[in-house]
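Presented below is the structure to which this report refers.
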Amino acid sequence: MDLGLKGRKAIVTGGTRGIGRAIAETLAAEGVDVAICARNQDQVDEAVAELSGKGVKATGGVADIADGEGLKKWIADTAKAMGGLDILVANASALQNGNTEKAWRACFEIDVLGAMNAFEAALPFLTEAAKKSGDASATFISSISAAESDSGDAYGALKAAQIHFAKGLARQHAGKHVRVNTVSPGTVYFKGGVWHMIEEHMPDTFKTAMERNPTGRMATPQDIANAAVFIASPASSFTTGANMIVDGAISRRVNF
């Protein structure tokens, strides 16, 4: 299936590892010029070199998602340097669980305000791209934790805020053909990731989590990237305001 992505331009925040890296690589494999940001310059350089090897223009920079003005400047400067922007993927996350003020502040600043500031900076470029091609998109990477709750938790609550925010933006900008969606992964395993750390240091917790997965496994970053790239592509041009759950049926909710 041709996703209609060749020649388009994308920005992925938190694009050096895990889900963000898989999304950037999948976009590049579809012929998309990609820009990524993260906090570590060496990791950015390594990822950019890998992406460039796919025959597209790739660039990257260091950005602190919690620094709103700095993030907006990086996105605007990068979009200008790329000659436009068709796709924004706000993937960066604080990954802070718990009911502490530290966790609430981190998730609010990175997951919520990070998505808001990224979208605000990208919007003029997305709007212009949509005028030319008829479609542009922003995708926020949320979590099934938004809909599953066992205790007071900052991460789940503020991932839910992302979904609500995206729905409002989708309705607000639908007339301009700028689409806004969320993708909500379940448990995702990769070396160096959260569940890998839990496997090594909290094996009983990892075993319980694995037992909750009806498919018998956790997602790979590629599983999530496939969904995110499809929903961001022109092949999905009538999909906006959606929350695509990619959780292997770990959640019990019915998504009417």
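For segment 1-15, a residue qualifies if it is more than 12 Å from L88 (Cβ to Cβ) and touching a Gly at 6+ places or on another chain (Cβ under 8 Å), and the qualifying residues are L5, K6, G7, G14. All of (1) of a type outside the set (D, E, K, R); (2) touching a helix residue (DSSP H, G or I) at 6+ places or on another chain (Cβ under 8 Å); (3) surrounded by fewer than 16 Cβ atoms within 10 Å (Cβ to Cβ); (4) under 21 Å from I23 (Cα atoms) hold for T205 with one exception: (4). A search for C-beta distances below 8 Å between a residue of segment 6-34 that is within 16 Å of L126 (Cβ to Cβ) and modelled with pLDDT of 95 or more and any residue that is of a type in the set (S, T, N, Q) and buried (at least 24 other Cβ atoms within 10 Å of the Cβ), counting only pairs 6+ apart in sequence or on different chains, returns V12/N91; T13/N91.
Segment 129-233 holds helices (runs of 4 or more DSSP H) entirely within its bounds, and those carrying 2 or more residues that are within 30 Å of A29 (Cα to Cα) and in contact (Cβ under 8 Å) with a residue 40 or more places away in the chain map to 154-173, 221-232. Within the set A115, A146, the sole residue that is modelled with pLDDT of 95 or more, touching a helix residue (DSSP H, G or I) at 6+ places or on another chain (Cβ under 8 Å) and within 23 Å of G60 (Cβ to Cβ) turns out to be A115.
Okay, residues lined up against (1) over 26 Å from G18 (Cα atoms); (2) not charged (D, E, K, R):
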{"residue": "A136", "(1), (2)": "no, yes"}
{"residue": "S143", "(1), (2)": "no, yes"}
{"residue": "E148", "(1), (2)": "no, no"}
{"residue": "S151", "(1), (2)": "yes, yes"}
{"residue": "Y155", "(1), (2)": "no, yes"}
{"residue": "K159", "(1), (2)": "no, no"}
{"residue": "Q162", "(1), (2)": "no, yes"}
{"residue": "K167", "(1), (2)": "no, no"}
{"residue": "R179", "(1), (2)": "no, no"}
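Checked against the criteria, R105 does not count as on the phi < 0 side of the Ramachandran plot and either assigned to a loop (DSSP other than H, G, I, E, B) or in contact (Cβ under 8 Å) with a residue 24 or more places away in the chain (or both).
When you check D111 against the structure, is it of a type in the set (D, E), in contact with a Gly (Cβ under 9 Å, 6 or more places away or on another chain), crowded, with 18+ Cβ neighbours inside 10 Å and touching a residue at least 40 places away in the same chain (Cβ under 8 Å), yes or no? Taking the combined requirement at face value, the residue does not satisfy it. Filtered by the rule that a residue be among the aliphatic types (A, V, I, L, M) and outside any loop (DSSP other than H, G, I, E, B), segment 78-94 gives A79, A81, M82, I87, L88, V89, A90.
Determine whether V178 is of a type in the set (A, V, I, L, M, F, W, C), over 15 Å from the mean Cα position of the chain (by Cα) and either farther than 19 Å from I224 by Cβ or surrounded by 17 or more Cβ atoms within 10 Å (Cβ to Cβ) (or both). So V178 fits the description; yes.
The values are calculated or read from the model by the stated rules, or taken from the named source; none is laboratory data. Model, not experiment: these values are computed from the prediction. In this analysis, Cβ positions are derived from the backbone assuming ideal geometry, glycine residues included, and neighbour counts consider all displayed protein chains.
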